[in-house]
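The values are calculated or read from the model by the stated rules, or taken from the named source; none is laboratory data. These numbers come from a predicted model, not from an experiment. Cβ atoms come from the backbone with ideal geometry, glycine included; neighbour counts cover every protein chain shown. Each accessible area value is taken on the protein alone, full model and side chains, heavy atoms only, with ligands, DNA and RNA left out. Shrake-Rupley method; radii C 1.70, N 1.55, O 1.52, S 1.80 Å.
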Amino acid sequence: MHYRIAVVPGDGIGPEVTEQAVRAMEAAGEKFGISFTFNRVLAGGAAIDARGECLPEDTVEACKASDAVLLGAVGGPKWDALPGEQRPEKALLGLRKSLGLYANLRPAAVFPELADASPLKREILNQGLDLLIVRELTGGIYFGERGHKETEMGYAAYDVEQYSTGEIERIARTAFQMAEKRRGRVTSVDKANVLDTSRLWRKTVTEIAEDYPDVELNHFYVDNASMQLVRDPSQFDVILTSNLFGDILSDEASQITGSIGMLPSASLGEGNFGMYEPVHGSAPDIAGTGKANPIAAILSAAMLLRFTLNQPGAADAIEDAVKQFLKDGFRTCDIAGGGDFCTTEEAGRRICERIREI
Ligand code: NAD
């Protein structure tokens, strides 16, 4: 089996962590008879410097010609003074749009060895924290009509939230399919007591649920969901929600796991195509120091193997190797609590050794 992967290293620690993710994929590939061609392409600040634009057309074409995309992170102070449209971060929106990626998947789980890094109390964590947020990524208020106008109360700005049944149906199906492979529970989050879009959301999700009889569905208002996430996160398996609510809830869920350097994500489109990236940014404060934790990028590669390439054995091998690395007492700087730590490269190498041993 051979796959073509577009790698977008990006800026700051992006190239450092994606390199370790590539090595982890190669190590898992050797074990499971899978080979890869990695095509490294430019986006973000690196593309601005080299080509004068954050998302060159040939990058988009290379991504489209690949089986999946592995991305590091983009942005940094060097490009902060550029106007919004020309900033490196624009490349992410451009990639999502041109690749038709409408479903954002963010798992949040606590590794027992790192439980002390979570801001939650032990007795809450002991009940379990292993959830997946499925966020709609290309609709809603971030992409709705917007504008400015004069009102009786003065100058005003507005942004319109709009969702069609088609948009809700396809993201709901992603959530139900994910729940089928997990613990069989979907919690749909909306604000149906106030918003019409949420009432359509709730009705449509309830109808789609009939096609997934083995999955249990419940509905939470977003204010309650945000409270329940810190009160008892063990009640959640898959959380399905809109672009705006998902943006906020996924950051909350990331924080309660304790370390941003550990969290992977996926953005999926039609078929199995997807773009995989760590949740963290380009961390310019530690770029080039060897302090970047590569685990979020390595676990993103595991998601790529699982969801796009349908290689669960290779994905499990990477995830088990990360668990073993932590169990063996190794830590990167962000999770070392001031103690000894591995550099980015050493962590990658030790995880690869464990992939080969498992
Ligand atoms: P950040 O996630 O880059 O960093 C926040 C803090 O977490 C920093 O102290 C950083 O050192 C630390 N950190 C992040 N990842 C780490 C890792 N793997 N290992 C160890 N420590 C890690 O967020 P920020 O500082 O707000 O943003 C920096 C730049 O990244 C900005 O230009 C921002 O726009 C961009 N950004 C990009 C993405 C993306 O490409 N998806 C996401 C968020 C931010």
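Descriptive notes on the structure:
- Only one of the numbered conditions (1) among the β-branched types (Val, Ile, Thr); (2) outside the structural domain of Arg170 (by TED's automatic domain parsing); (3) within 16 Å of the ligand (Cβ to nearest atom) is not met by Ile355, and that is (3).
- Only one entry in Ala43, Ala73, Ala68, Ala91 is away from the ligand (no atom under 16 Å from the Cβ) and under 28 Å from Leu244 (Cβ atoms), namely Ala68.
- Residue check: Met25 meets all listed conditions (1) surrounded by 19 or more Cβ atoms within 10 Å (Cβ to Cβ); (2) farther than 25 Å from Glu252 by Cα; (3) within 15 Å of the ligand (Cβ to nearest atom) but one, namely (3).
- Subset tally (residues that are more than 10 Å from the ligand (Cβ to nearest atom), out of contact with any Leu (no Cβ under 6 Å at 6 or more places or on another chain) and hydroxyl-bearing (Ser, Thr, Tyr)) for segment 251-297: 1
- Checking each residue in segment 150-168 for being part of a helix (DSSP H, G or I) and exposed (fewer than 15 other Cβ atoms within 10 Å of the Cβ) picks out Thr165, Gly166.
- For the condition modelled with pLDDT under 95 and out of contact with any strand residue (DSSP E or B) (no Cβ under 6 Å at 6 or more places or on another chain), Glu123 qualifies.
- The one condition in (1) closer than 30 Å to Ile358 by Cβ; (2) more than 22 Å from the chain's Cα centre (by Cα); (3) open to solvent by 30 Å² or more (accessible area, probe 1.4 Å) that Asp58 fails to fulfil: (1)
- Among the candidates Ala65, Ala91, Ala73, residue that is surrounded by fewer than 16 Cβ atoms within 10 Å (Cβ to Cβ) and under 18 Å from Asn39 (Cα atoms): Ala65
- Taken over segment 251-262, the residue count meeting the criterion of being closer than 29 Å to Ser198 by Cα and crowded, with 24+ Cβ neighbours inside 10 Å is 2.
- Residue match in segment 41-48 (condition: at negative phi, in the same structural domain as Ala296 (by TED's automatic domain parsing) and touching a Phe, Trp or Tyr at 6+ places or on another chain (Cβ under 7 Å)): yes
- One residue alone among Glu26, Glu85 is at pLDDT below 95 and of a type in the set (Asp, Glu), and that residue is Glu85.
- Filtered residue count, segment 119-149, keeping only those that are part of a loop (DSSP other than H, G, I, E, B) and under 24 Å from Tyr276 (Cα atoms): 5
- Looking only at residues in segment 219-236 that are part of a helix (DSSP H, G or I) and under 15 Å from Ser198 (Cα atoms), the one that is most open to solvent (accessible area, probe 1.4 Å) is Asp223.
- Looking only at residues of segment 323-357 that are touching a residue at least 60 places away in the same chain (Cβ under 8 Å) and among the aliphatic types (A, V, I, L, M), we find that the one that is most open to solvent (accessible area, probe 1.4 Å) is Ile335.
- Number of residues in segment 281-306 that are closer than 29 Å to His2 by Cα and buried (at least 22 other Cβ atoms within 10 Å of the Cβ) equals 13.
- Single match in Gln177, Gln162 (criterion: within 21 Å of Tyr276 (Cβ to Cβ) and either at pLDDT below 95 or more than 17 Å from the chain's Cα centre (by Cα) (or both)): Gln177
- Screening Ile48, Ile13, Ile5 for residues that are within 16 Å of the ligand (Cβ to nearest atom), at pLDDT 95 or above and open to solvent by less than 10 Å² (accessible area, probe 1.4 Å) leaves exactly one candidate, Ile13.
- Asp196 vs. criteria within 16 Å of the ligand (Cβ to nearest atom) and free of Cβ contacts under 8 Å to residues at least 12 places away in the same chain: no
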